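What follows is a short report on a single structure.
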Amino acid sequence: MNPTKIILLSVALLPTLALAQTPQGNTTNQSFSKAKKIMQQQIYTNPADMKTIYCGADFNNKKYITLPSGFTTDVYKKRTKRWEAEHVVPAENFGRAFSEWRDGAKVCVDNKGKAFKGRKCAEKANKEYRLMQSDLYNLYPAIGAVNAARQNYNYVMLPKTASKDYRSFGSCDMIIDKKDHDAQPPERARGVIARTYMYFDAVYPSYKMSRQQRQLMSAWDKQYPVSKWECERAAKIQKIQGNIDPILASRCKNIG
């Protein structure tokens, strides 16, 4: 073949090759409810791995949580022993990228003719949002009260000086800054959190971390290396959901 034609053919194939190598997020499951069931029935099946992300609380296949010794909370007490699926990257933080969340949509009208927006509308009207909301890589089990208290707050490192605006949970080292709407997670969760944020940033064009977030997550990723269970969990999700987490694929290469 003429060398010029070979070069031209190679150039023509570049867009296709680039597209094939572009990391993808969830493309298979649009149901958050289904994602939660998959977590319970197919991912968290080994009792040794059935622990909540922040507090390390044990739970069983009936979603019943055994609180760690010394755990306390002054809020959301009815959700204290409830297993909940926590969006590490909060739904609101990526949901606001969609006009349906911000402004509503024609289909977002209730049976009384009243228009609505926010999460309910994004879930109803936007497939991409539903896929992001149901992405198993972003879902971790949490004590309901802690999940509720964290809300959509950004993760940060808080000043060490105690503040009347801080909410804590006794022996669980999760701290919520009620005034500034920030959350400092325990050390046990920081690496997982970092790599989840990095995954979302890598696979969803509509979501981007701020420069400050990126710096913190990069630091946590290095400071708190990937665990064997984190890699095993990723392998389970890849098999079920069909897409690779490029961050964990890189970090898990040398995990036996």
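What about residue 112, is it of a type in the set (D, E, K, R) and in a helix (DSSP H, G or I)? In short, no. Out of region 129-142, which residues are open to solvent by 10 Å² or more (accessible area, probe 1.4 Å) and under 19 Å from residue 76 (Cβ atoms)? Result: 140, single match. Consider region 187-201 and keep the residues that are over 11 Å from the mean Cα position of the chain (by Cα) and open to solvent by less than 10 Å² (accessible area, probe 1.4 Å). The one that is nearest to residue 250 (Cα to Cα) is 191. What's the total number of residues in region 150-180 that are over 28 Å from residue 45 (Cα atoms) and open to solvent by less than 40 Å² (accessible area, probe 1.4 Å)? Here the count works out to 8. The single condition among (1) aliphatic (A, V, I, L, M); (2) within 19 Å of residue 57 (Cα to Cα); (3) in contact (Cβ under 8 Å) with a residue 24 or more places away in the chain; (4) open to solvent by 20 Å² or more (accessible area, probe 1.4 Å) that residue 183 does not satisfy is (4). Taking the criterion of being crowded, with 18+ Cβ neighbours inside 10 Å and not in a strand (DSSP E or B), would at least one residue in region 79-86 satisfy it? The answer is yes; a qualifying residue exists.
Of all residues in region 48-69, one or more are farther than 28 Å from residue 182 by Cβ, assigned to a helix (DSSP H, G or I) and either at pLDDT below 95 or open to solvent by less than 90 Å² (accessible area, probe 1.4 Å) (or both).
The residues in region 210-230 that are closer than 16 Å to residue 157 by Cβ and either touching a Cys at 6+ places or on another chain (Cβ under 8 Å) or hydrophobic (A, V, I, L, M, F, W, C) (or both) can be counted, and the count is 4. You will find that of 111, 126, 147, the residue that is open to solvent by 10 Å² or more (accessible area, probe 1.4 Å), more than 18 Å from the chain's Cα centre (by Cα) and in contact (Cβ under 8 Å) with a residue 12 or more places away in the chain is 126 and no other. When the criteria are applied in full, residue 129 fails the requirement of being closer than 23 Å to residue 235 by Cβ and not acidic (Asp, Glu). Just wondering, is there one or more residues in region 143-162 that are over 16 Å from residue 76 (Cβ atoms) and part of a helix (DSSP H, G or I)? No; the residues of region 143-162 include none that is over 16 Å from residue 76 (Cβ atoms) and part of a helix (DSSP H, G or I). Pairs, please: C-beta under 7 Å, at least 6 apart or cross-chain, first residue open to solvent by 60 Å² or more (accessible area, probe 1.4 Å) and in region 202-229, second charged (D, E, K, R)? Qualifying pairs under 7 Å: 208/201.
The values are calculated or read from the model by the stated rules, or taken from the named source; none is laboratory data. Owing to the predicted nature of the structure, the values given are computational and were not obtained by experimental measurement. Please note: Cβ atoms are built from the backbone with ideal geometry, for glycine as well, and neighbour counts cover all protein chains shown. The area values use the complete protein model at the heavy-atom level, side chains included, leaving out ligands, DNA and RNA. Shrake-Rupley method; radii C 1.70, N 1.55, O 1.52, S 1.80 Å.
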